[in-house]
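Values in this text are rule-based calculations from the coordinates and carry no lab data. This is a predicted model, so every value here is computed, not measured. With ideal geometry, Cβ positions are generated from the backbone for all residues, glycine too; neighbour counts draw on all protein chains shown.
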Amino acid sequence: MTELPTIGWREWVTFPDLNITHVKAKIDTGARSSALHAFEIERFQVDGKSMVRFKVHPIQKDTLTTFTAEAELLEERQVRDSGGHTELRPVIQTAIALGQYQWPIELTLTNRSAMGFRMLLGRQAVRERFMIDAGQSYLQNAAPAP
């Protein structure tokens, strides 16, 4: 059996297809899906395809750094948050990069402004890809340069 790379309980990730260069992500194996903080979410059509355009503040407590992204809308999905509330969220599929690793993930878009992390990397995204060391942080990459 091949040994899996190890990640910490939080890591910096990027979304190359969305041109989002850095988001601090909490690795949460208790969450099935992954969620990205997004606001001003708008749905539109291009050549018959459902699309979504949204803005992201990738750094907690920083409302100046803003990325705008567009992606094809896979579906709208009911997701239950940690408080037990359900919310209908847009779902996209996009590439995520963590250190030297890159792979496609499904990502729900929701307002996480009140949460400690702008990105939650759920178990579907890390299953059979990484071992998680809950006592460590940023094992795959350091914080981005300011």
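Those strands (runs of 3 or more DSSP E) of segment 94-146 in which 3 or more residues are surrounded by 13 or more Cβ atoms within 10 Å (Cβ to Cβ) occupy 101-110, 119-122.
Ala31 meets all of the listed conditions (1) among the aliphatic types (A, V, I, L, M); (2) surrounded by fewer than 16 Cβ atoms within 10 Å (Cβ to Cβ); (3) not in a strand (DSSP E or B) but one, namely (2).
Scan segment 32-55 for residues that are in contact with a helix residue (DSSP H, G or I) (Cβ under 7 Å, 6 or more places away or on another chain) and over 12 Å from Leu109 (Cβ atoms) and report the count.
Final tally of qualifying residues: 1.
Scanning segment 49-71 for residues that are among the aliphatic types (A, V, I, L, M) and within 13 Å of Ala38 (Cα to Cα) yields Val52, Val56, Ile59, Ala69, Ala71.
A single entry from Pro104, Pro90, Pro58 fulfils the requirement of being farther than 18 Å from Trp12 by Cα and not β-branched (Val, Ile, Thr): Pro90. Does Phe44 satisfy the condition of being more than 13 Å from Met119 (Cβ to Cβ) and surrounded by fewer than 16 Cβ atoms within 10 Å (Cβ to Cβ)? When the stated conditions are applied, Phe44 passes them.
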